[in-house]
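First up is the structure itself, then whatever we jot down about it.
The values are calculated or read from the model by the stated rules, or taken from the named source; none is laboratory data. The structure displayed is predicted, hence computed values, not measured ones. Cβ placement follows ideal geometry from the backbone for every residue including glycine, while neighbour counts extend to all protein chains displayed. The accessibility values were calculated without ligands, DNA or RNA, using every heavy atom of the protein model including side chains. Shrake-Rupley method; radii C 1.70, N 1.55, O 1.52, S 1.80 Å.
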Amino acid sequence: MAPPNLTLGFDIGGTNLKAGVLDTSGQLLRRETVPTPSTLPGFLAAAEALISRLALGERFSGAGFGCPGIVRPFDTLVDCLPGRMDYLEGSRLSDLVAPWLAPGAIVAADNDARAALAGELAFGAARGRENALMLTLGSGVGGAIVSGGVLLRGHAGVAGHIGHLTTDPDGPWCLCGNRGCLETFFSARAIEVEALAAIQRGCESSLRTRFGANPLSVTCADVFECAGQGDAVASAIIARAVRYLGGAIAGLLHVLDSEVVILGGQIAQAGPVLFDTLREDVEQRTRRLLKRTIPIIPAEVGEHAGIVGAASLAFNG
Ligand SMILES: [Zn+2]
């Protein structure tokens, strides 16, 4: 029997570089993780060692890279990557894997949110869908859109930055330079800031009971947990954040007419405390115009979504 086609998935993150090898059915055959180096020479050496260990002397039939920032999908050039990995700007990610490629191999790269949706299209909650909206909910909010079967990239590769959708024109300043972006209201960072303020004001809440001695240690997951246990302050913080998320999703559904909304990222683990409230909010906002209920569901590609998504970029061409 012929060996399976091997596709390399390489997930470049601010904390870790994660890479793995998938067969054509999407099964992760092996994977490796190393801390993200702080210099370009360090990065190149770490990536080479990582890929060499994963190749096991074989050649890849495809390779995909998921990366924060803006990456040109077809020549894999990193266009814009603000922050501590800015040393990658101007690098061509396909060069990293060139020695390990079989003839005719496809190499693709894109930002991590689009990679996540590529993974859901190939193996997860977006299989068989031509119109889907995905949000990755973490310390910020990422997004990706497939419309008419095409993963939208826009003119300059910026499409899908749903976290920077304006939800209040006079709202808080955002790191992007705008005011009132979605992620200034709904993101782990925004929810933690609200919780911290409530604790420091001395509000009567299990948040203060649990974190009063060390308010800075409160996490978004803690706030969802306290809300799930019925704490009024935590519930109000979550309800407000979810209302902004619901408003943004409803607006996007009116624009895009998506079949499904997929939520990934760490906050999507919150379960019914998030999903029940959000579904009700979006339903109320959209039912008259859309005349149907749009499913809002968790991402299905599991804990190695970054690697699987990156590899799926090569599957999708
Ligand atoms: Zn912004």
| said: Whether any residue in segment 274-284 is closer than 30 Å to Asp110 by Cα, without any contact (Cβ under 8 Å) to a residue 40 or more places away in the chain and assigned to a loop (DSSP other than H, G, I, E, B) is what I want to check. | reply: no
Notebook entry, point to check: Does Gly171 count as open to solvent by less than 10 Å² (accessible area, probe 1.4 Å), within 14 Å of the ligand (Cβ to nearest atom) and assigned to a strand (DSSP E or B)?
Noted result: no
Original post:
Just a yes or no: is a residue in segment 176-190 outside any helix (DSSP H, G or I), touching a His at 6+ places or on another chain (Cβ under 8 Å) and at pLDDT below 95?
Top reply: yes
Residue hits (segment 73-100; open to solvent by 50 Å² or more (accessible area, probe 1.4 Å) and within 22 Å of Val308 (Cβ to Cβ)) are Phe74
